[in-house]
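In what follows, a single structure is set out as structure tokens and then discussed.
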Amino acid sequence: MKDDKPTNQSWGGRFNEATDQFVARFTASVNFDQRLYQYDIQGSLAHAKMLAKAGILSADELADIQRGLGEIAEEIAAGSFQWSIELEDVHMNIEAALTAKIGIAGKKLHTGRSRNDQVATDIKLWLRAEIGELLNAITHLQEGLATLAQREAHTIMPGFTHLQTAQPVTFGHHLMAWYEMLERDYSRLHDCRARMNQSPLGAAALAGTTYPIDRDYSAQLLGFDRPTENSLDSVSDRDFAIEFCAAASLIMTHLSRASEELVLWSSAQFNFIELPDRFCTGSSIMPQKKNPDVPELVRGKTGRVTGHLIALLTLMKSQPLAYNKDNQEDKEPLFDTVDTLKDCLRAYGDMVPAIEVNTEAMRKAASSGFSTATDLADYLVRKGVAFRDSHEIVGSAVAHCIKVDKDLSELALEELQLFSKEIDSDVFTVLTLEGSVAARNHLGGTAPEQVQAAVARALQNIATRREQSL
Ligand code: ARG
């Protein structure tokens, strides 16, 4: 005997009682997966066109479906569409609305398809589009970095290892290091998009379908490179989402490292840069404060993106083939990863060109801490001293400098010569900051000339990329 309460009309046939209200809410995904609606409709339109081509739908039925789905898309965009928890997810909400609009043809749309291949298709279409936007955001940020690096190609700052002054570098060189990280991030996202661009449509629930479908045709309509090979795999794996989250985590890790530096550099102790007021906030108690909230938040949000990666890996790890409802849990972490990444890339894209550089403070910091000690050691090597011996000699000279509170460049020639007779008056050009950076003049080195060349290659790369995506 059937309970008279309504069950879900899409699968209610074999059920004898209505879904528990809590269970309906617990199992529903419509509150978050409605975000996929455009792609769900796009997928349905391609599927319907394929069914019509295969003679499974008539031309009239296809026309009804196209009109109905078009209206639904407009209603959703306008905010007038009534979403219902009872209809579980975006797919069944749209299908039910279609059937209410056009009748029997709406009920035929799901022929040769399952929500399992449908949802995998939707996510791929959505993610593919989002990756496109993220790639543009990365390019925009890279352009900002290269442009700033161009301007700061001659600006000298201390380079660090262990956060201790190591050797002078140019600020432009430092910025171009960030550019390179993002270049690999770009290519990771690009690869991820290429690998996932195969259509799951036609895999149906798990085993394929008995209808004479044309998977190549629907794949082609949706701009996929080809259909997926194996139906079980197509509906079950979310490795593409995991791969994306891994690439996203690396981008966030890179932005987080840059954030850490921006926070340090904008402190009174470093004072290397100033972030414009519009990227900072004050303190409600300490009137002097100007806090670098934007980089701090980017650094903080890195944790949540990495968390989403771990969530998806954990979600996947024990699932038997093929589809399991576990996979419904893929969406919120994935959505939040995209949203967070977009915001952070936008924040950086806006902030980087606005960084104000305190050239004097950078220079002053570079000239303390014996940043040219290696240059002196290399100088002695050029005069015929073995590197290990010259390292020892310069070490003693530095110890002496610490005792007398002077920099190497401030010692008189006679004083320097106490450490090695090979030292001559030409040593002083070697001990200058400019001499030090200019001497590292090879591919990948910090010399201003190399920075300018790297910037030129970067801007060319960006121009080519933009041309190709037109
Ligand atoms: N809302 C579901 C999801 O996101 C759609 C697929 C449901 N399939 C099923 N067999 N219950 O995964």
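Taking N as the residue count of region 69-149, its C-alpha radius of gyration divided by 2.2 N^0.38 Å amounts to 1.60. Just to compare against my own numbers: the Cα pair-distance distribution for region 265-363, 5 Å bins, whole % per bin, please. Percent of pairs per bin, in order: 2, 11, 16, 15, 13, 11, 9, 7, 6, 5, 3, 2, 0.
Annotation for Arg195 and Leu321: the two label points, set 7 Å from Cα along the Cα-Cβ direction, are 2.0 nm apart.
Reported value for region 1-80: 142 Å³ per residue, from the convex hull of its C-alpha atoms.
Against the empirical curve 2.2 N^0.38 Å, the C-alpha radius of gyration of region 199-322 lands at a ratio of 1.70.
Between 0 and 90 degrees, rounded to the nearest ten: what's the tilt of helix 171-196 against the longest Cα principal axis of the chain? Value to nearest ten degrees: 20. Start at zero, step by 10 Å, and the Cα-Cα distances of region 190-241 spread as 27, 55, 17, 1 percent across the bins. Three principal axis extents describe the C-alpha atoms of the chain; from largest down they are 106, 52, 39 Å.
The angle between the Cα long axis of helix 387-404 and the main principal axis of the chain comes to about 70°, on a 0 to 90 degree scale. Distance between the modelled labels on Val398 and Phe32, one decimal in nanometres: 5.2 nm (7 Å Cα→Cβ projection).
Near the amide H of Ala166, within less than 5 Å, lie the amide hydrogens of Gly159, Phe160, Thr161, all on another chain or at least 5 residues away, with H placed in the peptide plane. Using 0.36 nm per residue and subtracting the Cα-Cα separation, the extra length available between Ile285 and Arg465 on full extension is 60.0 nm. For the chain, the Cβ-based charge dipole about the Cα centre amounts to some 600 debye (Lys, Arg positive; Asp, Glu negative; other atoms uncharged).
Nearest 10 degrees, 0 to 90: what angle lies between the long axis of helix 59-78 and the longest principal axis of the chain (Cα atoms)? Value to nearest ten degrees: 50.
For region 300-406, what D do you get in µm² per second when you plug the Kirkwood radius from alpha-carbon pairs into Stokes-Einstein at 25 °C and 0.890 mPa s? The estimated diffusion coefficient comes to 125 µm²/s. Kirkwood radius for region 9-128, taken over all pairs of different Cα atoms as the inverse mean of 1/r, rounds to 14.8 Å. Roughly what % of Cα-Cα distances in region 57-102 sit above 13 Å, to the whole percent? Result: 54 percent of Cα pairs exceed 13 Å.
Our Cα-only numbers for region 374-460 put the radius of gyration and Dmax at 15.5, 51 Å.
No value in this document is a laboratory result; all are computed from the given coordinates. Note that this is a predicted model, so its numbers are computed, not measured. As a convention, Cβ positions derive from the backbone with ideal geometry for all residues, glycine included, and neighbour counts pool all protein chains shown.
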